[in-house]
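Just below is one structure, and these are the notes that go with it.
The values are calculated or read from the model by the stated rules, or taken from the named source; none is laboratory data. Owing to the predicted nature of the structure, the values given are computational and were not obtained by experimental measurement. Cβ atoms come from the backbone with ideal geometry, glycine included; neighbour counts cover every protein chain shown.
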Amino acid sequence: MNDRSVHLFEYLAILRRRKAWFIGGFLACVAVGAALALLLPATYRSAATIAVQAPAVSIDLVQGRAVLNREERLLALSQQLRSQTVLARVAREEGLLAARPIERVTAEINQRMKVDPTKPIARDGDRQELSAFEISYSDGNADRARRIADRIANVFVD
């Protein structure tokens, strides 16, 4: 068994001998990063946050009905947000159709859209909770990404 200890000077000697390999690897990484930054298309992401307050109905009044917890409510809101009617209205109001089928345009919006629940914003008492979710939309045009994310939030709130 070899219990030889390696000192700092030995590491420096190794680094000095392999200096070209380290510099070459670093320069290759910088060149690839710069090429990707210049050649890949820009993608802009715009987001809107919508707060949802828990219902103020007593559990005693809702006997026999399923009471949804926070995750189930946010999942239901997310599914409603991604519904064909909401996305079709957004596509019509933003003028995205341009002689294309509405199903194709809504599928593109749905693909570029992301809905993420956030942490609870506030808690009021034992059951009252103010939750939120974030709607984000990605596009190659910054202004269009902002407009569509804003439109999705407004259509959903309406």
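I'd like the full set of residues that are of a type in the set (S, T, N, Q) and part of a helix (DSSP H, G or I), limited to region 81-104. Those that are of a type in the set (S, T, N, Q) and part of a helix (DSSP H, G or I): GLN84, THR85.
The residues of region 133-158 that are farther than 14 Å from ALA91 by Cβ, charged (D, E, K, R), modelled with pLDDT of 85 or more and over 16 Å from the mean Cα position of the chain (by Cα) amount to a single one, ASP143. Against the conditions (1) under 30 Å from ILE135 (Cβ atoms); (2) at pLDDT 80 or above; (3) loosely packed, with under 12 Cβ neighbours inside 10 Å, ARG82 satisfies every one except (3).
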